[in-house]
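To keep things clear, I will list the structure first and then write my remarks on it.
The values are calculated or read from the model by the stated rules, or taken from the named source; none is laboratory data. What you see is a predicted model; the values in this text were computed from it and never measured. Don't worry about glycine lacking a Cβ; one is built from the backbone with ideal geometry, like all the others, and counts go over all protein chains shown. Heavy atoms of the whole protein, side chains included, go into the accessibility calculation; ligands, DNA and RNA do not. Shrake-Rupley method; radii C 1.70, N 1.55, O 1.52, S 1.80 Å.
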Amino acid sequence: MNDAAGRAELAARLRQAGYDLPAEAVADIARGHALLVPMLARIAPQPPAAEPATVFRPETAR
Amino acid sequence: MIPAGIAEAASLFRARKLSPVELARACLDRIARHDATLHAFVRVTEDRAMDDARAAEQRLMRGEARGPLDGIPFAHKDIVNTAGIETTCCSRILAGHVPARDAHAAKRLAEAGTVLLGKLTTHEFALGGPSFDLPTPPARNAWDSARFTGGSSSGSGTALAAGLVLGATGSDTMGSIRSPSVFCGTTGLKPTYGLVGRSGVFPLAQSLDHVGPMARSAEDCALLLESMAGPDHEDPASSGREAKGIAAQIGGGVRGLRIGVIRHFHESDNRGSPAALANLDAALAVFRDLGAEVAEVTLSPLAEWHAVAATIMLAEAHAVHAPWLRTRFAEYGGIFRERVALGALIGSEQYLNAQRRRLSLCAEMARAFERHDVLVTLAQPGEAPPIDAVSRWGVLELGSFAAPFNVTGGPAVAFGTGFGEGGMPTGMQIAGPAFADGTVLRAAHAYQQATGWHARRPPIAG
């Protein structure tokens, strides 16, 4: 995918998230996105056994 | 005459050799002289400062001083709410926002008798900087005004270095207390998560956010932490604990202390500058001479810690700002809005993976703390860069040495270890397991007493 197509796809994803942004802002976010993608790839999918991350204990709710 | 720190000022007050009013006046005069260059303050509260100072002086004269912070010139990062004083997070979004109540930490510090000099520059909402498109300019480093202060507690770091204040609040989500402490040659503690209440402090990423003390020495940070720490019923993450007695034990030394050095963090994962590395090695030699046991530790690569922290930070920050960001995008500074909009592209699966990986990283570090009392690494790879050369996307680039301890929530203190090739401070951090805040401060204090680097001040501090 070339840069222009990549930016168009990114702009579409941002629009879907509620952001209709000028091209300049999308281009800058694309630079950040290029760093974000490999960073997210470093975090391997974690097994559901590691579920304490989503435990909810109503008795301790404050 | 402005003393070197809080402990010295308190001693001079007790000896009647200095009064809180004299000290407040001297600090205000210094702010008037230097802040047009440094931009440490976004708001100076001169009338409030003089009122506070007079009240502290009367208490001292009556023999009713509230403790070592009574009469100490202080200022808050501009994300910390202060009753009746505009608090904007250095953003147009909150222009005109005047809180009705003090933040929890601000209230405790006011009750301890601190003298409020004003509000300090922050990167926008503690993330977007250094920015030149905000209502107020970015803070400048007191050692060289062409250099970056670090951030986001940028005004806190440079105000301390320049001797404009003796203590300040900072907040730390991925290093925002520790980075300015190193770049400005001061001392900052990211306390254990939940030890200092965060109600009334504008959130960046709630599961990583910490509020903590910034000062000129570890001893002063201990004095501030004792006042700041305590149960905060409006912060669901509050540990409910106090931190009393930490300052009294700070002189306990490091004999027998087991120090683990995470050498791969700063030698291969994100290699430090020659001077930063040499100064860290010299610091480790000091610790050995003081009787500590120094060994090497291996953890997961720094990039993994950084990835987990940055993913969580961007996703949580986006959740905080999305309503404003979608409707008032152009009112934010460019750096903040584009960084945080990126958080919209992080899915729930990715966020939860990061939180799950966080738990296994925490377990890994807990195992390291079974063999070591504290862990040591660089706090920054080198000296402060020129302010106009700071990378816009640095938060996603090289691994942050600070991030691992936001991931675990354990305490980490950062401070200067000398100077680099460019004449700017270099620094290190000492981290501990949860609630070992006293231990990391004791180790930093031992080093500072042995070396005196913390007492070096830039020429601007007179």
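With both labels modelled 7 Å from their Cα along Cα-to-Cβ, the A:Val55 to A:Val37 distance reads 3.7 nm.
About the centre of its Cα atoms, the range B:304-347 shows a dipole size close to 180 debye [charges on the beta carbon of Lys, Arg (+1) and Asp, Glu (-1) only; nearest 20 debye].
Modelled spin labels at B:Ser300 and B:Arg371, positioned 7 Å past Cα toward Cβ, are 1.8 nm from each other. Each Cα pair of the protein assembly as shown feeds into the Kirkwood radius, which the Stokes-Einstein equation turns, at 37 °C and 0.692 mPa s, into a diffusion coefficient of 143 µm²/s.
Among B:Lys77, B:Lys244, the sequence by solvent-accessible area, most first, with a 1.4 Å probe is B:Lys244, B:Lys77.
Rg then Dmax, both in Å and based on the Cα atoms of the range B:382-435: 13.4, 38. Compared with its chain on its own, the range B:333-375 contains the following residues whose accessible area drops by 20 Å² or more in the full protein assembly (probe 1.4 Å; ligands, DNA and RNA excluded): B:Glu338, B:Ala341, B:Leu342, B:Ala344, B:Leu345, B:Ile346, B:Gln350, B:Leu352, B:Asn353, B:Arg356, B:Arg357, B:Leu359. Contact order, relative form, for the range B:266-388: 40 percent (alpha carbon pairs under 8 Å, 6 or more residues apart, mean separation divided by residue count). Heavy-atom accessible surface of B:Cys90, to the nearest 10 Å², is about 10 Å², with a 1.4 Å probe and all protein chains retained.
Considering helices alone, the calculated mean residue ellipticity of the protein assembly as shown at 222 nm is -12500 deg cm²/dmol, with DSSP H runs of length four and up weighted by -39500 (n - 2.57) and normalised per residue. Approximating the spin labels as points 7 Å out from Cα along Cα→Cβ, the B:Ala95-to-B:Asp47 distance works out to 2.3 nm. If both residues of a DSSP beta bridge must be in chain B, then about 70% of such bridges are antiparallel. Across B:Ser273, B:Ser268, the residue with the most accessible area heads the list, and the full order at a 1.4 Å probe is B:Ser268, B:Ser273.
Note on the range B:279-328: Kirkwood radius taken over Cα pairs, Stokes-Einstein applied at 20 °C and 1.002 mPa s, translational D equal to 146 µm² s⁻¹. For the set B:Asp220, A:Asp20, the ranking by accessible area, highest first and with no ligand, DNA or RNA atoms included, is A:Asp20, B:Asp220 under a 1.4 Å probe. In the assembled protein chains, B:His104 presents an accessible area of approximately 30 Å² (probe radius 1.4 Å). For the modelled label position 7 Å from the Cα of B:Arg288 along Cα-to-Cβ, which residues of the range B:424-450 have backbone nitrogen atoms closer than 17 Å? Residues B:447 fall inside that zone.
Can you pull the Rg over Rh of chain B, Cα-only, Kirkwood?
Details: Rg = 20.2 Å, Rh = 21.5 Å.
Ratio of gyration radius to Kirkwood radius: 0.94.
Cross-link reach is defined here as a Cα-Cα straight distance under 18 Å, omitting same-chain residues fewer than 8 places apart; for B:Lys244 the aspartates and glutamates meeting it are B:Asp70, B:Glu111, B:Glu219, B:Asp220, B:Glu226, B:Asp232, B:Asp437.
Distance from the Cα centre of the range B:152-207 to that of the range B:77-125, in angstrom? Taking the Cα centre of each part, the range B:152-207 and the range B:77-125 sit 13 Å apart. Across the accessible surface of the protein assembly as shown, with the other protein chains kept in place and a 1.4 Å probe, carbon and sulfur atoms take up 52 percent. Between the range B:13-43 and the range B:232-255, the C-alpha centres lie 29 angstrom from each other.
Is there a simple number for the mean count of other chain Cβ atoms within 10 Å of the Cβ of residues in A:13-25, and what is it?
On the way: counts 2, 4, 0, 2, 8, 7, 7, 2, 5, 2, 0, 2, 6.
Partner-chain Cβ atoms within 10 Å, mean over residues of A:13-25: 4.
Overall, the protein assembly as shown carries a charge dipole of about 480 debye about its Cα centre when +1 sits on the Cβ of Lys and Arg and -1 on the Cβ of Asp and Glu, all other atoms neutral. Here chain B is treated with +1 on each Lys and Arg Cβ and -1 on each Asp and Glu Cβ, and its dipole about the Cα centre works out to around 400 debye. Taking a span of 30 Å or more along the helix axis (Cα atoms) and a mean Kyte-Doolittle hydropathy of at least -0.5 as the rule, the DSSP H helices of chain B that qualify are B:302-327.
Between B:Asp29 and B:Arg326, what FRET efficiency follows from the Cβ-Cβ distance if R0 is 51 Å, with the result rounded to 0.05? Could you put the intermediate results ahead of the total?
Working: r = 46 Å, r/R0 = 0.89.
Computed FRET efficiency for B:Asp29 and B:Arg326: 0.65.
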